[in-house]
Amino acid sequence: MKTVKLEDGNIKELLQRSQIDSNSVIDIVTDIINDVKNNGDEKIRLYTEKFDGVYLKDFLISPEDLEKSVRRIDKGLIRSLEKASYNIRKFHQAQLPQDWSLEVDKGITAGQIVRPLERVGCYIPGGRAVYPSSILMTVIPAKVAGVEEIICCTPPGPDGNVEDIVLAAAYLAGAHKVYRVGGAQAIAAMAYGTETITAVDKIVGPGNIFVTAAKKMVYGQVDIDFPAGPSEVLIIADETGNPDYISLDLMAQAEHDPQAASVLVTTSSELAIAVNQKITEDLPNMKRKEIITDSFEENGAIIVVDTVDEAVKFSNEYAPEHLIIMTHDPEELVKGIKNAGSIFLGELTPVAAGDYGSGTNHVLPTSFCARMYSGLSTESFLKKPTVQRLSRDGLNSLKDVVIPLAEYEGLYAHAESFKRRLDQD
């Protein structure tokens, strides 16, 4: 992996990484969305046959098949899913906000109530790998939030079936319905509804370039979580960093995708050399070594800085999806972090912990989006309407605020709605 010194002239280059350019597929996705919107299930069947190689009469997986899938899975793997589910549920329960109210001024009470969305769609990708963890990360927070109906869409295999592990995860997480539908056609179906699939209020979950483009295009018809790009990690380490752990964390992120980004920022030139040496030793033994190699060549770097403060500044500009801090005092360093999707403190806390079982969510913003988005959470599935009530004292206290401002803006009915209530004194 290339090692460079952080300098003013190369900062812009080092901040760059691969992003999904959904404009390249916008025409294809537009046609798919319009076809599904106008023709429903018929077009889903045709697109499923075209892209997944199988013609399906029915998309819905029966509740009985969901339950049976649990019995077909290795018991040890089921225990892993159950433990992960427990931790994820416990963490997301702690995120639940409460109703509240306060007296803003005499006679003016205002507050906020919390209400769940009614219907949510979770997209579960297929293709390169099977991702039961993505079901847990999307369904469980929605369940904790109190969403009334949670559906999942996931691509079928060539035989028309979905892997038992995916179905088992959906059952354990509490999904209400699972459909064998993938790609942009699944996003369109969840956004607009078909004869089989009920339209939802929000669509969450990662996907390929077609899924990402479709989510962007249906935004406004439904809410979405955020655009997702290739996965990424940035590691801040000083001389205390463990080169063995760091090299594995970089490779673990790189094995996701040839476009994934893996970056180490360190104050130690010796550590930079040691990490590169460990990568050289271990990479030939990695099962996904070709993907890792391509990823490192495209978006991998080891950056040497003079101070930890420089590392923090660069990290905030990079706004990584995953940030690992391996320094002598990571808790102190994290105080300066402003932009990151999920943060992992200390040498014993790999990203894999958050990906599967620590309880935090692994559906996270990428490609600089951590500057303005947080990861998926319980609050992603909640609405917070505001509530207010005025007494006669409150009405009188606001008359010199509401009436002049409404009249200044030319909204005379607004002003009159206030005046008439005052006239009833």
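The values are calculated or read from the model by the stated rules, or taken from the named source; none is laboratory data. Since the model is a prediction, treat every value here as computed from it, not as a measurement. We place every Cβ from the backbone using ideal geometry, glycine too, and count neighbours over all the protein chains shown. Surface accessibility is based on the protein's heavy atoms, side chains included, excluding ligands, DNA and RNA. Shrake-Rupley method; radii C 1.70, N 1.55, O 1.52, S 1.80 Å.
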Quiz prompt | Relative contact order of segment 194-258, defined on C-alpha pairs under 8 angstrom at six or more residues apart (%) | solution = 29
Quiz item: What list of ³J(HN,Hα) values in whole Hz, one per residue of segment 232-241 in order, does the Karplus curve 6.51 cos²θ - 1.76 cosθ + 1.60 (θ = phi - 60°) give from phi, with Gly and Pro shown as x?
Solution: 8, 9, 10, 10, 9, 9, 9, 5, 7, x
Practice problem: Only Lys, Arg, Asp and Glu count, each charged at its Cβ (+1, +1, -1, -1), so figure out the dipole size of the chain about its Cα centre, rounded to 20 debye. | Solution: 1320
Practice problem: Give a quick list of GluC sites (Glu not before Pro) in segment 150-233 that DSSP marks as loop, anything other than H, G, I, E or B, with at most 11 other Cβ atoms within 10 Å. | Solution: GLU195
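Could you work out the local net charge near SER247, counting Lys and Arg as +1, Asp and Glu as -1, over the other residues with Cβ closer than 11 Å to its Cβ?
Working: positive: LYS278; negative: ASP244, ASP249, GLU281, ASP282.
Around SER247, the charge tally is -3.
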Exercise. Leaving ligands, DNA and RNA out of it, work out the accessible area of ARG392 with a 1.4 Å probe and give it in Å² to the nearest 10.
Key: 100
Quiz item: Using a 1.4 Å probe, how large is the accessible area of THR307, given in Å² and rounded to the nearest 10?
Solution: 60
Self-check item: Accessible carbon and sulfur surface of the chain relative to its total accessible area, %, 1.4 Å
Solution: 49
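Run the numbers on segment 111-215 and let me know its relative contact order in percent, using alpha-carbon pairs under 8 Å that are six or more apart. Could the numbers behind the result be given before it?
Working: 188 pairs, mean separation 35.6, N = 105.
34 percent.
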Quiz prompt | For segment 370-400 and segment 223-255, distance of Cα centres in Å | solution = 37
Quiz prompt | Which of ASN242, ALA311, ASN38, positive extreme of dipole for the chain (C-beta unit charges) | solution = ASN38
Quiz item: Any idea how far the Cα center of segment 80-113 sits from the one of segment 37-52, in Å?
Solution: 40
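Taking the solvent-accessible surface of protein heavy atoms with a 1.4 Å probe, what is the per residue accessible area of segment 244-375 in Å²?
Working: 5730 Å² over 132 residues.
Result: 43 Å² per residue.
Sum -39500 (n - 2.57) across every DSSP H segment of at least 4 residues in the chain, then divide by the residue count to get the 222 nm mean residue ellipticity, nearest 500. Intermediate results must be reported in sequence, preceding the final value.
On the way: 17 runs with 191 residues, N = 425.
When only DSSP H runs of four or more count, the value is -13500 deg cm²/dmol.
Less than 12 Å Cβ to Cβ from HIS322, Lys/Arg counted +1 and Asp/Glu -1: what total charge do the surrounding residues give? Don't skip to the end; give the middle numbers.
Details: positive: none; negative: GLU232, ASP249, GLU321, ASP355.
For residues surrounding HIS322, the net value is -4.
Under a point-charge model restricted to the Cβ atoms of Lys and Arg (+1) and Asp and Glu (-1), what is the dipole moment magnitude of segment 33-152 relative to its Cα centre, in debye to the nearest 20? Intermediate values should be presented prior to the final figure.
On the way: 18 positive and 17 negative charges, 109 e Å.
About 520 debye.
Taking Rh as the Kirkwood radius computed over C-alpha pairs, what is the Stokes-Einstein D of segment 2-114 at 10 °C in a medium of viscosity 1.306 mPa s, expressed in µm² per second?
Working: Rh = 21.7 Å.
The calculation lands on 73 µm²/s.
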Quiz item: Which entries in LYS90/LYS383; LYS90/LYS335; LYS68/LYS383 show an alpha-carbon gap greater than 29 Å?
Solution: LYS68/LYS383
Quiz item: What are the ³J(HN,Hα) values, in whole Hz, obtained from phi via the Karplus relation 6.51 cos²θ - 1.76 cosθ + 1.60 with θ = phi - 60°, for each residue of segment 98-104 in sequence order, with x given for Gly and Pro?
Solution: 10, 4, 8, 8, 8, 8, 5
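Rounded to the nearest 0.05, what FRET efficiency is calculated for ASP74 and ARG389 with R0 set to 45 Å and r the Cβ-Cβ distance?
Once the sixth-power term is evaluated, E becomes 0.20.
So, with +1 on the Cβ of K and R and -1 on the Cβ of D and E, and no other charges, what is the size of the charge dipole of segment 1-77 about its Cα centre, to the nearest 20 debye? Mind dumping the intermediate values first?
Numbers: 13 positive and 16 negative charges, 77 e Å.
Dipole size: approximately 360 debye.
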Quiz item: From Cα coordinates alone, what are the radius of gyration and Dmax values for segment 114-181 in angstrom?
Solution: 11.8, 43
Quiz prompt | LEU348 accessible area, 1.4 Å probe, all protein chains in place, Å² to nearest 10 | solution = 140
Quiz item: Which lysines have a Cα lying under 26 Å from the Cα of LYS2, excluding residues fewer than 8 positions away in the same chain?
Solution: LYS12, LYS278, LYS287, LYS289, LYS313
Quiz item: Only one of the listed values, [x] 25.5; [y] 24.0; [z] 26.9, was derived from the coordinates as Kirkwood radius over Cα pairs in Å; which label is it?
Solution: [y]
Quiz item: Cross-link partners among lysines for LYS399, C-alpha distance below 18 Å, same-chain residues fewer than 8 apart left out?
Solution: LYS106, LYS419
Quiz prompt | For segment 241-342: span of alpha carbons on each principal axis (Å, largest first) | solution = 37, 27, 19
